[in-house]
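What follows is one structure encoded as structure tokens, with my remarks underneath.
The values are calculated or read from the model by the stated rules, or taken from the named source; none is laboratory data. Predicted model, so just to flag it, every value in this text is computed and none were measured. As a convention, Cβ positions derive from the backbone with ideal geometry for all residues, glycine included, and neighbour counts pool all protein chains shown. Heads up: the accessible areas ignore ligands, DNA and RNA and are worked out on the full protein's heavy atoms, side chains in. Shrake-Rupley method; radii C 1.70, N 1.55, O 1.52, S 1.80 Å.
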Amino acid sequence: MKDRKTFHGRTVLMILSLLFLMTGCSSGTTGYSHSFFAMDTYMKVEVWGEDGEEICQALEEEIERVEQKISVTDPDSDVSRLNASQGEKCSVDDELFYILRESLEIGQATGGALNISLYPLSQAWGFSSSASGYRVVPEDERQEILKLCDCSQIQLNSEDRTVVFPQGMAVDFGAVGKGYVTDTCANILRDNGAERALLQLGGNIYAMGTKENGKEWRVAIQDPSAEAGQNGAVLGSVSVKDKAVVTSGPYQRYFEEGGIRYHHILDPATGAPAENGLLSVTIISESGLLADGLSTGLFVMGLEKGIEYWKNQNQAEVVWMTDQGELWVTEGLKDAFQAAEGLQINWVSR
């Protein structure tokens with residue numbers, strides 16, 4: 001039997017993804033911190049304000065609510081009901097219809113690089129939590145499964161909020177779910193008068209407002225070339241206010257077989273882990289859903305196509321790290337991004 005190593009990135013996202021640089025935020029208005037496990041990952045919310053403790057509890061309840069709606073492994077979730085429709089028209093509520101529509105629009109904008117219908121393929125590789133184990137999927141099997149992963153066959157009817165897709169297809173919001181709940185949590189923060197907040201939802205970060213001294217929060221971006229947990233190495237940090245920061249990379253979840261590493265970000269064009277010279281993509285945007293979806297989509301696209309995509313939109317800023325140790329950063333971050341010592345920035349301009 002071939003040697004196999006398995007790495008569960010979901011359990012170590014605190015180390016592998018994004019780290020807070022939170023100096024100067026402990027005095028003045030009381031801050032409340034709450035940690036819990038949800039959406040298959042560790043989460044931590046910190047809220048400053050008069051009702052901070054109650055808001056923290058409301059955030060956990062909101063995350064649990066969304067998880068119950070979109071969890072692909074919960075047989076009672078709305079998504080599971082949709083996936084069980086098997087070619088029949090299925091009515092969904094406004095919220096699920098919105099997530100579907102937005103996800104498909106990001107998929108179209110990225111040329112199919114973000115594909116929410118890859119669930120059968122993810123199961124075959126073993127990257128779904130419902131799968132029995134990791135395995136390398138042969139090409140002929142991948143090509144057969146990919147026939148069930150064509151998002152263009154998903155039909156949305158905005159008038160009656162119904163969805164139809166072919167028998168055998170199944171959607172999964174793993175690439176956008178934490179981004180969407182970031183947005184709903186941000187609404188709760190604003191609606192309940194939070195003064196400032198930091199949300200760490202797995203590898204998704206949201207920073208609301210500024211620190212007490214009026215300066216923006218600084219979020220450090222994990223160096224994907226460093227092994228998990230080694231020295232807390234970072235490739236740089238970015239200053240943000242009322243923004244989501246989301247990173248995708250092959251270091252987050254993978255297994256090794258026969259000396260080859262297979263990661264969880266699958267390329268819809270091949271059905272295999274995306275291989276394009278990138279180690280990570282970080283998206284900074286006001287929209288958590290957009291940042292989450294683009295972090296996957298732009299990783300699959302690769303550096304050149306990702307840069308071309310960015311040049312034709314103005315909704316997000318991007319940081320790319322290549323397997324050659326090159327750092328590429330969009331020009332909108334010139335006053336916000338600081339590279340780690342020894343790394344040279346290649347600025348991307350329109």
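Using the crude model of +1 on Lys and Arg Cβ and -1 on Asp and Glu Cβ, and no other charge, please compute the dipole size for the chain relative to its Cα centre, in debye to 20. Mind dumping the intermediate values first?
On the way: 28 positive and 51 negative charges, 153 e Å.
So the dipole magnitude of the chain works out to roughly 740 debye.
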For Leu279, residues with placed amide H under 5 Å, excluding near neighbours: Met321, Thr322, Asp323
For the full complex of protein chains and a 1.4 angstrom probe, list Arg135, Arg253 by accessible area with the highest value first. Arg135, Arg253
Under a point spin-label approximation (7 Å from Cα along Cα-to-Cβ), what is the Arg135-Glu159 distance to one decimal in nm? 4.6 nm
So Glu331 and Ser225, fully extended at 0.36 nm per residue minus their Cα-Cα distance, gain in nm 35.8 nm
Cα principal axis extents for the stretch 92-131, largest first, Å: 30, 26, 10
Amide H contacts under 5 Å for Ala272, restricted to residues at least 5 apart in sequence or on another chain and with H modeled in the peptide plane, are Asp267
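Counting only protein heavy atoms, what percent of the accessible surface of the chain is carbon or sulfur at a 1.4 Å probe?
The nonpolar share, carbon plus sulfur, comes to 44 percent.
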To the nearest 10 square angstrom, what accessible area does Glu61 show with a 1.4 Å probe? 100 Å²
Distance between the C-alpha centers of the stretch 47-91 and the stretch 248-297? Whole Å please. 24 Å
For every other residue with a beta carbon closer than 10 angstrom to the beta carbon of His34, add +1 if it is Lys or Arg and -1 if Asp or Glu, then tell me the sum. -2
Whole-Hz Karplus ³J(HN,Hα) for the stretch 321-338, in order, using 6.51 cos²θ - 1.76 cosθ + 1.60 and θ = phi - 60°, x for Gly and Pro? 10, 9, 6, 9, x, 8, 10, 10, 9, 6, 5, x, 9, 4, 9, 10, 9, 10
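Please give the length that would be gained between Arg350 and His34 if that part of the chain were fully extended, namely 0.36 nm times their separation in residues minus their C-alpha to C-alpha distance (nm, one decimal).
Values: separation 316, 0.36 × 316 = 113.76 nm, distance 4.11 nm.
Gain on stretching Arg350 to His34: 109.7 nm.
If the limit is 18 Å between Cα atoms, which of Lys243/Lys334; Lys178/Lys311; Lys215/Lys243; Lys178/Lys305 go over it?
Values: Lys243/Lys334 16 Å; Lys178/Lys311 26 Å; Lys215/Lys243 14 Å; Lys178/Lys305 25 Å.
Violating the 18 Å Cα-Cα cut-off are Lys178/Lys311; Lys178/Lys305.
Taking a probe of 1.4 Å, how large is the accessible area per residue of the stretch 156-307, in Å²?
Per-residue value: 33 Å².
Report relative contact order for the stretch 86-235 in percent, whole number only (criteria: Cα-Cα under 8 Å, sequence separation at least 6). Walk me through the numbers before you get to the answer.
On the way: 153 pairs, mean separation 30.8, N = 150.
Answer for the stretch 86-235 is 21 percent.
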Environment charge at Gly168 (Cβ cut-off 12 Å; Lys +1, Arg +1, Asp -1, Glu -1): -1
Cα centroid of the stretch 173-220 to Cα centroid of the stretch 106-122, whole Å: 25 Å
With no solvent and one equal point scatterer placed on each C-alpha of the stretch 154-289, evaluate the Debye formula and give log10 I(q)/I(0) for q = 0.12, 0.22 Å⁻¹, two decimals. -0.66, -1.33
Kyte-Doolittle mean at least 1.0 and Cα extent at least 15 Å along the axis: which DSSP H helices of the chain qualify? 288-301
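How much mean residue ellipticity at 222 nm does the chain get from its helices, if each DSSP H run of length 4 or more adds -39500 (n - 2.57) and you divide by all residues, to the nearest 500 deg cm²/dmol? Don't skip to the answer; put the middle values down first.
Values: 9 runs with 98 residues, N = 350.
Computed ellipticity for the chain at 222 nm equals -8500 deg cm²/dmol.
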Long-range HN-HN contacts of Arg196 with modeled amide H, under 5 Å: Trp48
Just to compare against my own numbers: the Cα pair-distance distribution for the chain, 20 Å bins, whole % per bin, please. 31, 59, 10, 0
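Net charge near Gly49, counting Lys/Arg +1 and Asp/Glu -1 over other residues with Cβ under 9 Å of its Cβ? Please report the intermediate quantities before stating the final value.
Working: positive: Arg196; negative: Glu50, Asp51, Glu195.
Its environment carries a net charge of -2.
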Accessible-area order (highest first, 1.4 angstrom probe) of the listed residues Trp347, Trp320: Trp347, Trp320
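Sorting Asp94, Asp40 by accessible area (1.4 Å probe), largest first, what list results? Numbers along the way, then the final one.
Values: Asp94 105, Asp40 75 Å².
Ranked list, largest accessible area first: Asp94, Asp40.
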Residue among Gly277, Gly302, Gly203 with the largest mean-square fluctuation in a Gaussian network model of the chain, springs linking Cα atoms under 10 Å: Gly277
